[in-house]
């Protein structure tokens, strides 16, 4: 019985990871669509509100960052924009943290 419970826990954890990855992909795509509408923005320093690109499929938080910062994240392809203090994953490390904004990279 304990083996079944253990396997069920592993299955749920794996399912949560799959949902989280799908959520992150959807958020990044939404942010990239927003970014494409701002391509001609003259003020790269202007703060823009993007979706949190975390792995929590229940997250609906927003993160404000300068436009040039998000452009660099997209170019890096391994970095994600997350709101600090409510997301932590052992596979990622924080590379920049300013106030409630945190930029993470796959470790």
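The values are calculated or read from the model by the stated rules, or taken from the named source; none is laboratory data. Note that the coordinates shown come from a computational prediction; the quantities given were computed from them, not determined experimentally. Note: ideal-geometry Cβ built from the backbone for every residue, glycine included; neighbour counts use all protein chains shown.
In table form, for the structure just shown:
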{"read-out": "Filter result for residue 27 (within 11 Å of the chain's Cα centre (by Cα), closer than 19 Å to residue 102 by Cβ and part of a helix (DSSP H, G or I))", "value": "yes"}
{"read-out": "Unmet criterion (only one of (1) in a strand (DSSP E or B); (2) touching a helix residue (DSSP H, G or I) at 6+ places or on another chain (Cβ under 8 Å)) for residue 32", "value": "(1)"}
{"read-out": "Selection status of residue 53, under 14 Å from residue 20 (Cβ atoms), at pLDDT 80 or above and surrounded by fewer than 19 Cβ atoms within 10 Å (Cβ to Cβ)", "value": "no"}
{"read-out": "The range 64-97, residues that are assigned to a strand (DSSP E or B) and either closer than 24 Å to residue 39 by Cα or modelled with pLDDT of 70 or more (or both)", "value": "64, 65, 66, 79, 80, 81, 82, 83, 96"}
{"read-out": "Among the residues listed as 44, 22, the single one being exposed (fewer than 14 other Cβ atoms within 10 Å of the Cβ), in contact (Cβ under 8 Å) with a residue 24 or more places away in the chain and part of a loop (DSSP other than H, G, I, E, B)", "value": "44"}
